[in-house]
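Below: the structure, in structure tokens.
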Amino acid sequence: MSKRRQEKMSEEIKRTVAHIFQEGIKDPRIDQAAISLTRVDLSNDMSHARINISMLGDQAKQEEMMNAVKTARGYIRTELARRLKVKHAPEIEFRLDKSIEHGIRISSILEELKDEQKS
């Protein structure tokens, strides 16, 4: 399969799963405003998709939301196949992505250093 097709399919999966989170999942443990899909890695044969999710909140809240997302994985995969109109939806795996949280922490440290230099 061409790399271009794989990239297009990854983006389409990302967009579709984001819509599923916003519209389809009714689990009260999942706060749609606190979840952001950061990346989708699709295998060459499109049989597996690794979806990286960034979540705002403390460690306990993140773990609770991640467990809820993993519980809803079957529903998300079914909806993904239906919305993409594909015969075989990829197996999906969710991973917690802490890059946004890490960036915010680095930004705050840089601001503190900047304030210290002014003093």
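The values are calculated or read from the model by the stated rules, or taken from the named source; none is laboratory data. Just so it is clear, the model here is predicted, and its values are computed rather than measured. Positions of Cβ are generated from backbone atoms using ideal geometry, with glycine treated the same way; all protein chains shown enter the neighbour counts.
Restrict the check to region 62-77 and report whether at least one residue is part of a helix (DSSP H, G or I) and under 18 Å from R5 (Cα atoms).
Taking every residue of region 62-77 in turn, none turns out to be part of a helix (DSSP H, G or I) and under 18 Å from R5 (Cα atoms).
Mind checking whether some residue in region 99-112 is surrounded by fewer than 14 Cβ atoms within 10 Å (Cβ to Cβ), in a helix (DSSP H, G or I), of a type in the set (D, E, K, R) and modelled with pLDDT under 85?
yes
Kindly check whether there is at least one residue in region 44-55 that is within 13 Å of the chain's Cα centre (by Cα) and not in a strand (DSSP E or B).
No, there is no match, as no residue in region 44-55 is within 13 Å of the chain's Cα centre (by Cα) and not in a strand (DSSP E or B).
Tell me, yes or no, whether region 28-35 has at least one residue that is assigned to a strand (DSSP E or B), surrounded by 15 or more Cβ atoms within 10 Å (Cβ to Cβ) and under 8 Å from the mean Cα position of the chain (by Cα).
Yes, some residue in region 28-35 is assigned to a strand (DSSP E or B), surrounded by 15 or more Cβ atoms within 10 Å (Cβ to Cβ) and under 8 Å from the mean Cα position of the chain (by Cα).
When region 43-67 is examined, which residues are found to be surrounded by 17 or more Cβ atoms within 10 Å (Cβ to Cβ) and at pLDDT below 90?
M46, S54, M55, Q62, M65, M66
For a quick check of your reading of the model, give me the residue pairs whose first member lies in region 54-67 and is over 17 Å from I92 (Cβ atoms), whose second is of a type in the set (D, E, K, R) and surrounded by 14 or more Cβ atoms within 10 Å (Cβ to Cβ), with beta-carbon atoms closer than 6 Å and at least 6 apart or on different chains.
Once the first residue is over 17 Å from I92 (Cβ atoms) and sits in region 54-67, its partners that are of a type in the set (D, E, K, R) and surrounded by 14 or more Cβ atoms within 10 Å (Cβ to Cβ) give E64/R29.
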